[in-house]
Structure formats: structure tokens, C-alpha cells
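Heads up, the thing below is written out as C-alpha cells.
The values are calculated or read from the model by the stated rules, or taken from the named source; none is laboratory data. Keep in mind that this is a model prediction, so the values were computed, not measured. Cβ sites come from the backbone with ideal geometry, for glycine too, and all protein chains shown count toward neighbours.
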Amino acid sequence: MRAHTKASASCGTCTGLVEKLMQLSLGDSYNPTAVQPMCSCTELGHDEVRRLIKAKGLKTIPAVMQELEWKTSCGCAKCRPALNYYLVADWPDEYADDYQSRFINERVHANIQKDGTYSVVPRMWGGVTSSKELRAIADVVDKFAIPTVKVTGGQRIDMLGIRKEDLPAVWADLGQAGFVSGHAYAKGLRTVKTCVGSDWCRFGTQDSTGLGVRIEKFMWGSWTPAKVKMAVSGCPRNCAEATCKDVGVICVDSGFEIHFAGAAGLDIKGTEVLGLVKTEDEALEVIVALTQMYREQARYLERIYKWAKRIGYDEVRRQVLDDVERRKAYYDRFVYSQQFAQVDPWSERVSGKDKHEFQPMAALSFQQAAE
Ligand code: SF4
């Protein structure tokens with residue numbers, strides 16, 4: 001049906017509807033649980049490929065394709081980014097990230113816009129900023145004549161309309177002011193939104209801002225199957241909107257209520273409660289373990305709310321809350337992988353990495369173009 005009508009081929013919102021139509025037309029002969037191949041390059045589904053990468057110790061994209069008998073020589077735009085992610089997640093210390101297998105935004109570390117320019121979002125830990133940071137951003141906006149500056153839903157500042165060839169110079173100036181990439185383009189940790197919490201608010205039960213900053217500083221740079229957005233609210237009034245995030249925390253007098261599997265995009269879904277923990281340290285450990293479980297088990301491009309529904313909310317609770325040893329093991333694996341992941345991609349590019357990516361292919365005059 002996808003091949004002939006394109007239904008369910010893009011954002012996936014209509015997939016349920018398409019499945020119902022298939023069921024109606026085909027009756028019992030339709031089997032929705034049959035394994036969906038990753039793409040037309042293989043008969044294997046995502047779960048089987050992930051399992052075999054581990055079981056056979058496959059550590060490069062060509063090795064996966066050869067050993068698992070890919071039907072094409074180089075894969076396609078569907079399987080290459082997925083394989084690249086699985087290898088990054090499974091072999092953090094051995095696999096060399098293949099940037100050519102990433103989508104444009106992750107390759108260029110900025111978000112491409114409809115006119116071919118880019119937007120740049122520096123990281124603002126927990127959404128907190130200062131006069132020094134704001135001045136530095138204002139200077140960059142003036143120097144590069146950036147046409148639009150916009151505050152994002154994740155409490156960050158977005159600079160829109162930057163030419164690709166200017167990106168390294170913009171990042172160099174931002175880096176001087178202490179900024180790193182906000183990963184606003186990444187299948188990875190995006191933002192941890194916070195409210196002002198007990199520092200300023202009369203209703204605040206805990207230091208929600210401090211916890212949000214701590215989570216973000218601990219987890220930034222990690223690659224995940226799809227984007228991950230988090231939030232911490234200082235009381236059940238929930239000003240940081242934690243109950244529609246991939247992972248959210250509601251602070252209460254007795255500790256930290258951890259939520260997961262929310263959505264507020266193509267789908268709208270309130271979070272599930274994972275459980276209540278007493279301390280910030282426990283909250284961080286549970287959130288990290290949940291994220292690592294998701295990193296290890298989800299299919300590429302599957303958001304937390306879809307993955308958790310598929311494997312069962314209780315299974316997630318069992319593995320990251322009840323089973324303390326397993327939680328610790330997930331936590332340790334995440335911490336290990338972070339030593340290879342927490343590298344600012346902007347400063348790498350300012351130092352000359354992937355220089356060719358930011359150089360114009362040719363400078364054409366209007367007359368040349370007309371000829
Ligand atoms: S969520 Fe609660 S603590 Fe945070 S700003 Fe709102 S009312 Fe205050």
C-alpha cells in the first residue's frame with residue numbers, strides 16, 4: 001500500500017488507519033505482527049538486525065551488510081542512518097561514526113531551512129542564561145546580520161537564516177562565549193526544560209532548575225533512536241509541561257515523581273508515571289537507566305512513547321525501577337558511552353573537521369549562471 005499510494009510512508013500518523021483498511025480488505029490473511037523489513041535492502045526487521053549486530057560482533061556498516069546478506073551494495077537512505085545509530089549505540093568505544101550515513105541536519109550540526117540557510121541553537125543548560133551569554137548572542141546576530149532570532153518551545157534561543165559557509169565562524173564566536181551545540185537537530189538529547197522551582201517560586205517543592213541543569217550536563221551529547229525532550233517542574237502545577245515530554249519530572253514534597261512516554265507533536269499523549277524516588281541522585285540514575293534501555297532496545301526513529309507502548313509500560317518499570325541491579329547496569333553503560341559522545345561538534349568543526357562540508361562548491365556570478 002505504501003509503494004502504490006504513499007499512505008503511511010512519511011510521518012506515520014495514518015499508519016493505524018492504513019492497517020485497519022488492510023484488515024478490512026484482507027480479513028484473516030492480514031498479519032500485522034509479521035516482521036516489517038527495515039527497507040527494501042533486506043528482509044530483516046530492525047529488532048533482528050540489532051540482535052545480530054550484537055550476537056555476531058558486527059562493527060562496521062559494510063560488515064553488517066555483508067554478513068546479513070544485504071540486497072544492495074551500499075544500502076539506502078533508510079537503512080544507513082539506522083545502522084549507523086545501532087553501531088554507535090552498541091560499540092561506543094570502537095565504531096567510527098559515519099557522518100555520510102547521517103541526515104543533512106546531523107551532518108551539518110544545524111537545522112536546514114526552506115530557503116537553504118540554517119538555524120543555530122546553542123545549549124542553554126536547563127533554559128538558564130545570563131547577560132554575558134545574551135550579549136554574546138546579540139553580537140553574533142549583528143556581526144552576521146542574522147535576520148531572525150526566536151525563542152524555542154524548549155527554552156532556547158534560535159538564530160535563523162545563517163548561510164552554510166558562515167556556520168563555522170558563527171560557532172567560533174559562540175564557542176568563545178562558552179556555548180556548545182544545543183543539538184537542536186539531533187536524534188539525541190535536545191533540551192531539559194525547567195521552571196524556577198524552590199529558588200524563586202512560592203509553590204516550589206524542590207530545586208527543579210538545578211535538577212534540570214544537572215540532567216542536561218550529564219546527558220548531553222548522547223545519541224538516541226529519535227529525539228529526546230525532557231522537563232522538570234518544581235510542583236504539580238507543572239509550569240515546565242513535564243507531563244507531555246519523553247521524560248519528565250514532577251517535584252513533590254516527598255521527592256521526585258518520574259514520568260515517561262509523553263508526546264506533544266504529531267501525537268498528543270500525557271506521560272505514564274514511572275515511579276517516585278526520594279533523592280536527586282536516584283532521579284538521575286532512573287532517568288539515565290531509562291534512556292539507556294531505550295537506546296539499546298528501540299528501533300531507529302521510534303520515539304520513547306511508541307517504544308514504551310510496544311514493549312509495555314510495566315516492563316519499563318520492572319527493568320529501570322524495580323530491578324536495581326539492571327538499572328545500575330544500564331546506568332553504567334550510559335556513563336561509559338558518554339566519554340566518547342560528549343564532544344562538542346561545533347568546536348570540532350571550528351578546528352577544521354569536515355571543512356569541505358562548509359565550503360561553497362563554486363562561486364558563480366549571475367552572468368556565469370545565465371550562460
Ligand atoms: S511548576 Fe510549581 S514550582 Fe514550578 S514555577 Fe510552576 S508553580 Fe512554581
- Query: ARG349 versus (1) at pLDDT 95 or above; (2) in a helix (DSSP H, G or I): which is the lone unmet condition?
  - Reply: (1)
- What single numbered condition from (1) surrounded by 15 or more Cβ atoms within 10 Å (Cβ to Cβ); (2) over 19 Å from the mean Cα position of the chain (by Cα); (3) of a type in the set (Val, Ile, Thr) fails to hold for THR291? (2)
- Message: Could you check region 194-211 and list, in sequence order, the residues that are away from the ligand (no atom under 11 Å from the Cβ) and either under 25 Å from GLU296 (Cβ atoms) or crowded, with 19+ Cβ neighbours inside 10 Å (or both)?
- Response: LEU211
- Message: Looking at ALA96 and the list (1) part of a loop (DSSP other than H, G, I, E, B); (2) of a type outside the set (D, E, K, R); (3) at pLDDT 95 or above, which single condition is not satisfied?
- Response: (3)
- For region 13-20, indicate whether the set of residues that are farther than 19 Å from ARG102 by Cβ, of a type outside the set (D, E, K, R) and modelled with pLDDT of 90 or more is non-empty. no
- Message: Can you tell me which of (1) assigned by TED's automatic domain parsing to the domain that holds LEU211; (2) in contact with a Leu (Cβ under 7 Å, 6 or more places away or on another chain) is the one PHE358 doesn't meet?
- Response: (1)
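Residues MET293, MET361: which one is outside any helix (DSSP H, G or I) and of a type in the set (A, V, I, L, M)? Break it down into steps so the answer makes sense when it comes.
Values: MET293 fails: outside any helix (DSSP H, G or I).
Checking each option against the conditions leaves just MET361.
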- Message: Name the single residue that is nearest to the chain's Cα centre (by Cα) among those in region 296-305 being more than 18 Å from GLU48 (Cα to Cα) and assigned to a helix (DSSP H, G or I).
- Response: ILE304
- Any residue in region 232-260 that's at pLDDT below 95: show its pairings with residues that are within 11 Å of the ligand (Cβ to nearest atom) at Cβ separation under 6 Å, as long as the two are six or more apart or on different chains. none
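Name the single residue, out of those in region 277-288 being touching a residue at least 12 places away in the same chain (Cβ under 8 Å) and in a helix (DSSP H, G or I), that is surrounded by the most Cβ atoms within 10 Å (Cβ to Cβ).
So the first thing to find is which residues in region 277-288 are touching a residue at least 12 places away in the same chain (Cβ under 8 Å), and the list is 277-280, 282-288.
Going one step further and asking which of them are in a helix (DSSP H, G or I), we end up with 280, 282-288.
On the way: GLU280: 18, GLU282: 17, ALA283: 23, LEU284: 19, GLU285: 19, VAL286: 23, ILE287: 28, VAL288: 24.
Only one residue fits best here, namely ILE287.
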- Query: Restricting attention to region 145-180, which residues are charged (D, E, K, R) and either assigned to a loop (DSSP other than H, G, I, E, B) or without any contact (Cβ under 8 Å) to a residue 40 or more places away in the chain (or both)?
  - Reply: LYS150, ARG156, ASP158, ARG163, ASP166, ASP173
- Task: Examine region 217-230 for a residue that is surrounded by 20 or more Cβ atoms within 10 Å (Cβ to Cβ) and near the ligand (Cβ under 10 Å from one of its atoms), and state whether such a residue exists.
- Result: no
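Go over the candidates ILE250, ILE258 one by one and state the one that is within 14 Å of the ligand (Cβ to nearest atom), assigned by TED's automatic domain parsing to the domain that holds TYR294 and surrounded by 19 or more Cβ atoms within 10 Å (Cβ to Cβ). Walk me through it before giving the result.
On the way: ILE258 fails: within 14 Å of the ligand (Cβ to nearest atom).
The conditions single out ILE250.
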- Task: Spot the failing condition for ALA240; the list is (1) assigned to a loop (DSSP other than H, G, I, E, B); (2) within 16 Å of the ligand (Cβ to nearest atom); (3) surrounded by fewer than 24 Cβ atoms within 10 Å (Cβ to Cβ); (4) of a type outside the set (Lys, Arg), and only one is missed.
- Result: (3)
